[in-house]
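Input: a single structure, listed below in structure tokens.
The values are calculated or read from the model by the stated rules, or taken from the named source; none is laboratory data. A quick note: this is a predicted structure, and the numbers were derived from the prediction, not measured. Cβ atoms come from the backbone with ideal geometry, glycine included; neighbour counts cover every protein chain shown. The accessibility values were calculated without ligands, DNA or RNA, using every heavy atom of the protein model including side chains. Shrake-Rupley method; radii C 1.70, N 1.55, O 1.52, S 1.80 Å.
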Amino acid sequence: MRLGLFGGTFNPIHFGHLRAAVEVRDAFNLDRLLLIPSAHPPHKRADHVANAEDRLEMVRLAIQGEPSLEASDLELARPGPSYTIETLQYFQTQFDRESDIHFIVGQDAFSEITTWKSYQALFVTAHFIVMARPGAKLRSLEDFIHTQISEAYQYDSTSDRYSHPQWCTIFCLNITHLDISATKIRELIRQGRSIRFLVPDVVRDFIDKKGLYR
Ligand code: ATP
């Protein structure tokens, strides 16, 4: 089983997240790709975050009918801040040793990983897929990995991955970068402007119906 875990606030989910998920699923032949909204994101201001059930429902609506994509309520069921290390350890116990667990993260979030709880343990628990912006400086990623994670990571340019003698692999993938952020979407809503073509219509209808982000 090849499993992908894509964590985020998804406040709300948008086409940037969705296109990224589809490209990672296809590039890594993932059998399942779970989108996992963080119930209590440790790094985001709570007053800007819609309630977790609504964010999960928007994820569900957005991926309806898309093969291998699933919405996960795992972090909603857990009290306290949503720490990725706990999520990865949970999935490690759920799947057999033959399963490959991949944690999917954008380069922007990856560059802040040293602020995450037990961040070095993450790299012992799951492979990483870092979604790079096309043209982003590879060298800076290499420096970051060596100085902040482990010097033992070796870059292989033919497969665009960093391998470690004991730890999991960090894969890099260039994806189509859609310059869409949830912050921008929330701002447009506050200003009473259209968010059409930034999010699926079903998500826009849900936001309208519930009066979110006004
Ligand atoms: P906000 O603007 O509220 O900070 P966001 O749009 O950046 O939110 P998050 O839910 O914080 O979305 O991001 C979840 C994950 O999705 C992160 O790993 C982030 O790097 C990635 N991501 C966010 N926007 C995009 C995008 N446009 N294309 C590809 N990946 C993205």
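Scan (1) in contact with a strand residue (DSSP E or B) (Cβ under 6 Å, 6 or more places away or on another chain); (2) within 16 Å of the ligand (Cβ to nearest atom) for the single condition Ser68 breaks and write down its number.
(2)
Is it true that some residue in region 134-147 is touching a residue at least 40 places away in the same chain (Cβ under 8 Å) and within 16 Å of the ligand (Cβ to nearest atom)? If you could, list the steps in order and put the result at the bottom.
Within region 134-147, the first condition is being touching a residue at least 40 places away in the same chain (Cβ under 8 Å), and the residues that meet it are 134.
Going one step further and asking which of them are within 16 Å of the ligand (Cβ to nearest atom), we end up with 134.
Within region 134-147 (the criterion being touching a residue at least 40 places away in the same chain (Cβ under 8 Å) and within 16 Å of the ligand (Cβ to nearest atom)), the answer is yes, since at least one residue qualifies.
What are the residues in region 154-167 that are under 15 Å from Phe123 (Cα atoms) and open to solvent by 90 Å² or more (accessible area, probe 1.4 Å), if any? Reasoning before the result, please.
Within region 154-167, the subset under 15 Å from Phe123 (Cα atoms) is 154, 161-167.
Correct list: Gln154, Pro165, Gln166.
For region 168-184, which positions are of a type in the set (Val, Ile, Thr) and either more than 6 Å from the ligand (Cβ to nearest atom) or surrounded by 14 or more Cβ atoms within 10 Å (Cβ to Cβ) (or both)? Reasoning before the result, please.
Applying the first criterion (of a type in the set (Val, Ile, Thr)) to region 168-184 yields 169-170, 175-176, 180, 183.
Scanning region 168-184 gives Thr169, Ile170, Ile175, Thr176, Ile180.
Output the residue which, of all residues in region 7-27 that are crowded, with 19+ Cβ neighbours inside 10 Å and closer than 14 Å to Phe171 by Cβ, is nearest to the ligand (Cβ to nearest atom).
Residue satisfying both the conditions and the ranking: Ala20.
Only helices (runs of 4 or more DSSP H) wholly contained in region 75-149 count here; list those with 2 or more residues that are on the phi < 0 side of the Ramachandran plot and open to solvent by 60 Å² or more (accessible area, probe 1.4 Å). Lay out the reasoning, then the answer.
Working: elements: 84-94, 107-110, 119-125, 138-144.
So the answer is 84-94, 119-125, 138-144.
Give region 28-49 a look and list any residue that's modelled with pLDDT under 95, surrounded by 14 or more Cβ atoms within 10 Å (Cβ to Cβ) and within 19 Å of Arg204 (Cβ to Cβ), or say none.
Val49
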